[in-house]
Amino acid sequence: FDFEGVGEKNMYLMYHEELESLAKFYPEIKRIRFWMTFGDSYLKHLEVLENIGMTSIEPMQFQGREIIPIEFLKAVLPAPESLAAGYTGQTCIGVQAKGIGKDGQPKVHFVYNVKDHADCYREVQAQGVSYTTGVPAMIGAMLMLNGDWMQPGVWNVEQLDPDPFFDAMNKWGLPISELADIELVKD
């Protein structure tokens, strides 16, 4: 798939918790899917680690001690933040919505942001995935503290007014872009 600002990448269909909450709060949506991209090198390394049992969560004996392979792996691999200085490329996080517009005609719309890993490192000494995870969480907390998103009970983010969130995304380093009539993922 050819991502705006990033280029062509292979995408993989996978589970993510938003699939459940979006389906619950927007039952009129006929299809919700979550896709991610991974580089070939990452997938090959993951395949090797899986093949030798290092991604397992099942306890095993090692030199007379019980270990959980994935926890052992985490302990011996470099801390992700120590790799950030060498990250290159961009993230592209977006939503493709397809349906019938107010005019009764089919519409496809892609709302997204692109963040450069090197720019993130220069700004906060982290790579783009950390940035695109942390900034929205900070914005959510800020919206709760200033009262925009504070209401009694427990709410999922998609139940709340998106306008102040998108405004803050534009202000806090994750500008939102939009493309109309583009379909990245075809049925």
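The values are calculated or read from the model by the stated rules, or taken from the named source; none is laboratory data. Note that this is a predicted model, so its numbers are computed, not measured. Quick reminder, even Gly has a Cβ in these numbers, built from the backbone with ideal geometry, and neighbours come from all protein chains shown. Accessible surface areas use protein heavy atoms only, side chains included; no ligands, DNA or RNA. Shrake-Rupley method; radii C 1.70, N 1.55, O 1.52, S 1.80 Å.
Within the range 31-59, the set of residues being part of a loop (DSSP other than H, G, I, E, B), closer than 26 Å to Q90 by Cα and charged (D, E, K, R) comprises R33 only. For the range 98-131, filtering for residues that are in a helix (DSSP H, G or I), within 24 Å of P164 (Cα to Cα) and open to solvent by 20 Å² or more (accessible area, probe 1.4 Å) leaves 4. Summed over the range 72-97, residues that are in a loop (DSSP other than H, G, I, E, B) and farther than 26 Å from L179 by Cβ total 3. When we screen I182, I139 for residues that are surrounded by 15 or more Cβ atoms within 10 Å (Cβ to Cβ) and touching a residue at least 24 places away in the same chain (Cβ under 8 Å), the only hit is I139. Within the range 117-164, the residues that satisfy the criterion of being within 23 Å of P27 (Cα to Cα) and touching a Phe, Trp or Tyr at 6+ places or on another chain (Cβ under 9 Å) are W149, W155, N156, V157, E158, Q159, L160, D161. Annotation: E71 fulfils all but one of (1) at negative phi; (2) exposed (fewer than 13 other Cβ atoms within 10 Å of the Cβ); (3) modelled with pLDDT under 95; the unmet one is (3). Cβ separations smaller than 6 Å between residues 6+ apart or across chains give the following pairs from the range 147-168 residues that are more than 16 Å from V135 (Cα to Cα) and open to solvent by 60 Å² or more (accessible area, probe 1.4 Å) to residues that are aromatic (F, W, Y) and modelled with pLDDT of 90 or more: Q159/F25.
Take the range 10-32 and flag every residue that is open to solvent by 90 Å² or more (accessible area, probe 1.4 Å) and either over 13 Å from the mean Cα position of the chain (by Cα) or among the aliphatic types (A, V, I, L, M) (or both). Walk me through how you get there before you give the answer.
Quick first cut of the range 10-32, residues open to solvent by 90 Å² or more (accessible area, probe 1.4 Å) only: 10, 13, 15, 17, 20, 24, 27-28, 30-31.
N10, L13, E20, K24, P27, E28, K30, R31 - these are the residues of the range 10-32 that are open to solvent by 90 Å² or more (accessible area, probe 1.4 Å) and either over 13 Å from the mean Cα position of the chain (by Cα) or among the aliphatic types (A, V, I, L, M) (or both).
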